[in-house]
1. Which residues' amide hydrogens lie under 5 Å from the amide hydrogen of Gln133, considering only partners 5 or more residues apart or on another chain, with H built in the peptide plane?
2. Can you compute 3J(HN,Hα) from phi for each residue in segment 51-57, using the Karplus curve 6.51 cos²θ - 1.76 cosθ + 1.60 with θ = phi - 60°, rounded to whole Hz and x for Gly and Pro?
3. Rounded if a/c is under 1.5, else prolate if a/b beats b/c, else oblate: with a ≥ b ≥ c from the C-alpha gyration tensor eigenvalues square-rooted, which is segment 1-149?
4. When you count, for each residue, the other Cβ atoms within 10 Å and take the mean per peptide, how do 29-41, 134-146, 73-85 rank with the highest first?
5. Based solely on its DSSP helices, what 222 nm [θ] is calculated for the chain when runs of n ≥ 4 H residues each add -39,500 (n - 2.57) and the sum is averaged over all residues, nearest 500 deg cm²/dmol?
6. Towards the positive end of the charge dipole of segment 1-107, with charges on Cβ (+1 Lys, Arg; -1 Asp, Glu), say which of Ile101, Leu42, Tyr20 has the farthest Cα.
7. Using the crude model of +1 on Lys and Arg Cβ and -1 on Asp and Glu Cβ, and no other charge, please compute the dipole size for segment 93-227 relative to its Cα centre, in debye to 20.
8. Any idea what the relative contact order of the chain is, in percent, if you count C-alpha pairs under 8 Å spaced at least 6 apart?
Amino acid sequence: MNIEENIKNCELYLKKIKQYDPDPYYVNYFFNEYIISVKNTLNGILEEANRDFGLFILENISEENFLEKAKIKNDTNAMEFLEWYSKRLIKEHENTYPNFIQKICEFQNKCERLPEIKIMIRASERYEADINQQIKVNLNQEKLRSKDELDIEIKRQLPIFLEIINYKRRKKNEPKVEENQIVASTFLDIDAHNDVEIAYASEIYIPVLKRLVEESRKRIKELTSFN
């Protein structure tokens, strides 16, 4: 499967995540598939570089064996690309949401299951430092039993949630949040202290992937055009 197909899969799984959000069972399934497609896309960048620089790496490719083979061949252009690519990866993952996706990729490489997905309520229009609040509902085999149960629990917790978020909004001269501006979404905590909304992080990461692919191909072309 080529890079473009993997990116299309990311976009497809993002749509599925949004479709089933906030049901943790289905979000978990499609988010796992999304992460696999992300990793395949990033691996595809190194595979294209491996081919274009003629390194002939036959095993599963990584930055480590790419550098090792480039050194064996004394291919300074391949080494220069890898140095550029490694720095570009770090730069692209400095922000919270891309960093979250990167950490999920690393976590998935080590563990079969993602951490427990939480259902949380948030303001539909986001402002910096807004709070989110977890909603505890009964699940049947990790699936929501009914939307009515979720709605009942949301309504039960809304008064306190609105009081807290609007207190913060007033202090920062931000718009007040009304009852009809609260939505439920699935969140994941990978750092033991930061809850990140799965659909939002997944959506933000697709342009990051596309940018990495486009810029990597451009850099490879620049470094191989004189060979």
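1. Placed amide hydrogens put Ile121 under 5 Å from Gln133.
2. In residue order, the calculated couplings are 5, 6, 8, x, 7, 6, 6 Hz.
3. prolate
4. 29-41, 73-85, 134-146
5. -21500 deg cm²/dmol
6. The Cα lying farthest towards the positive end belongs to Tyr20.
7. Roughly 260 debye, rounded to the nearest 20.
8. About 27 percent, as a whole number.
Every number in this text was worked out from the coordinates using simple rules, so none of it is lab data. Computed from a predicted structure; not experimentally measured. Cβ atoms come from the backbone with ideal geometry, glycine included; neighbour counts cover every protein chain shown.
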